[in-house]
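The block underneath contains the structure these notes are about, expressed in structure tokens.
The values are calculated or read from the model by the stated rules, or taken from the named source; none is laboratory data. As the structure is a prediction and not an experimental result, all values here were calculated from the model. Every residue, glycine as well, gets a Cβ built from its backbone with ideal geometry; the counts of neighbours run over all protein chains shown.
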Amino acid sequence: MRPMASKRSRRSARRARPGRTNDGPSAPAGPGAYRSVPVLDPASGKVVDAPVADLIEIARERAEVRALTDEVESVAAMKRFGTLVDFVGRGRPATAGGNLTAPDAAALAGALGLDRDVPGPPTRLGDLPETAHLFRWAVAAGFLEHRAAKVVAGPFADALEDDPVTACLKAATTLLEQGVLDGFQEGWRKSYVSVLDSSMADLLVALSHAGDPVSVDPLAAEAWELVADSYGFEPDDQRERRSVHNLFRSAVAQLDDAGVVAYEDGHVHLTRLGRMIALFLDLAGDDDDEDEDDLDPTDIDAESLLLMCDEEESDPEEVEDLLRAWCQSRPAEEAGDELTEAMLDLDDPDMWALGFQALTMLEHRVADRKVRELQTDARLAPLARAWLERQTPSRRPRGGR
């Protein structure tokens, strides 16, 4: 809702409205009659004609900025960051690791209303997980920093008051970069937390395309499918499924706390700030797709080649063509050196098999020497011996320069 103007300003606005004079209303103006209106140019101090369309666009932009600023100032995390920076003031003693001392951490938790269920006085900041998470997030975002044995305000601290939109954007993007679930945490966590963290960018883009609020339940189900497929869990593994669902909902709640989404009644949608971030991520994703389309598969290293060929959707004939093109794009000696180095670095039998397949496409003298080198590695020796047994002296060169 727009704030109401004063009665005097509303009267002035009515008097200044086109199509009206002090003597009463004039005849209705025709379409396009007022394509520009006189306004005061603050730079020159002169009255100039300004296009109405431009003025409308400026008004809309200002209204959007006002709405975004109002939204950001109500974000829970931003209020806590403000309290945190005020608490630090001109500086607080820092531990050797750059954290607050235990007494200051306890005082900060009390001021923020965090970690109320933690029993007993803390011996270090890490004993207060909610407070520690906020503190590390603030340091990563530049609201705080460790300097000369003290915790002090950081380079972005002033933005919390002077430019709250920029500050909130900085906090939100830092959280996404560091990991909504895994960033700023201590101790053991589920191994698949990183997979859920990496899916958050896609979640924001999907929400931007959806427009309307989306139920979290099907989104959590998709997250479980992603984790189960990545880590080989059985689809009916209820214990891990519940864990993934709970972690996903925790991630959405964290994004809500950061002002990126609104999470209410089991549904989620983007805030204005979230739409800004999602637009950037969507555009960045388009650029990545274009880069992949322009990628020359022969202009990559051997390890990347084997990883690319190992993708599940790769067609055997396409793999054969890709390996051959890669081998023929460089001297045989160079290709052999790269392939053997990659195979020794990798620890995946499927990619070893692809490496031996590629070696078959090199000149026989080069391939034979490289395979005999690989035979000295205990992991690769059985495959190397099998490769050598399959070769015949009459084998003709099939690639390489």
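Structure notes:
- For the range 99-126, the set of residues classified as buried (at least 17 other Cβ atoms within 10 Å of the Cβ), out of contact with any Asp or Glu (no Cβ under 6 Å at 6 or more places or on another chain) and farther than 20 Å from residue 167 by Cα consists of 99, 100, 102, 104, 105, 106, 108, 122, 125, listed by residue number.
- Elements of type helices (runs of 4 or more DSSP H) in the range 127-182, at least 2 residues being surrounded by fewer than 18 Cβ atoms within 10 Å (Cβ to Cβ), polar (S, T, N, Q) and on the phi < 0 side of the Ramachandran plot: 164-178
- Meets criteria (farther than 26 Å from residue 163 by Cβ and assigned by TED's automatic domain parsing to the domain that holds residue 174) for residue 142: no
- Taking the range 320-337 as the range and being part of a helix (DSSP H, G or I) and surrounded by fewer than 21 Cβ atoms within 10 Å (Cβ to Cβ) as the test, the residues that pass are 320, 321, 322, 324, 325, 328, 333, 334, 337.
- Condition check for residue 386: free of Cβ contacts under 8 Å to residues at least 24 places away in the same chain and farther than 30 Å from residue 229 by Cβ: yes
- Complete set of residues in the range 177-193 that are in contact with an Asp or Glu (Cβ under 9 Å, 6 or more places away or on another chain) and either modelled with pLDDT under 85 or under 17 Å from residue 249 (Cβ atoms) (or both): 179, 180, 181, 182, 183, 189, 190, 192, 193
- Restricting attention to the range 176-231, the residues that are closer than 19 Å to residue 133 by Cα and of a type in the set (D, E, K, R) total 6.
- For residue 212: the one exception among (1) under 20 Å from residue 269 (Cα atoms); (2) touching a residue at least 60 places away in the same chain (Cβ under 8 Å); (3) in a loop (DSSP other than H, G, I, E, B): (2)
- With respect to the conditions (1) within 43 Å of the chain's Cα centre (by Cα); (2) modelled with pLDDT of 90 or more, residue 366 lacks only one, and its number is (1).
- Residue tally, condition outside any loop (DSSP other than H, G, I, E, B), under 13 Å from the mean Cα position of the chain (by Cα) and buried (at least 16 other Cβ atoms within 10 Å of the Cβ), over the range 187-200: 4
- Residue 203 under 17 Å from residue 176 (Cβ atoms) and in a helix (DSSP H, G or I): yes
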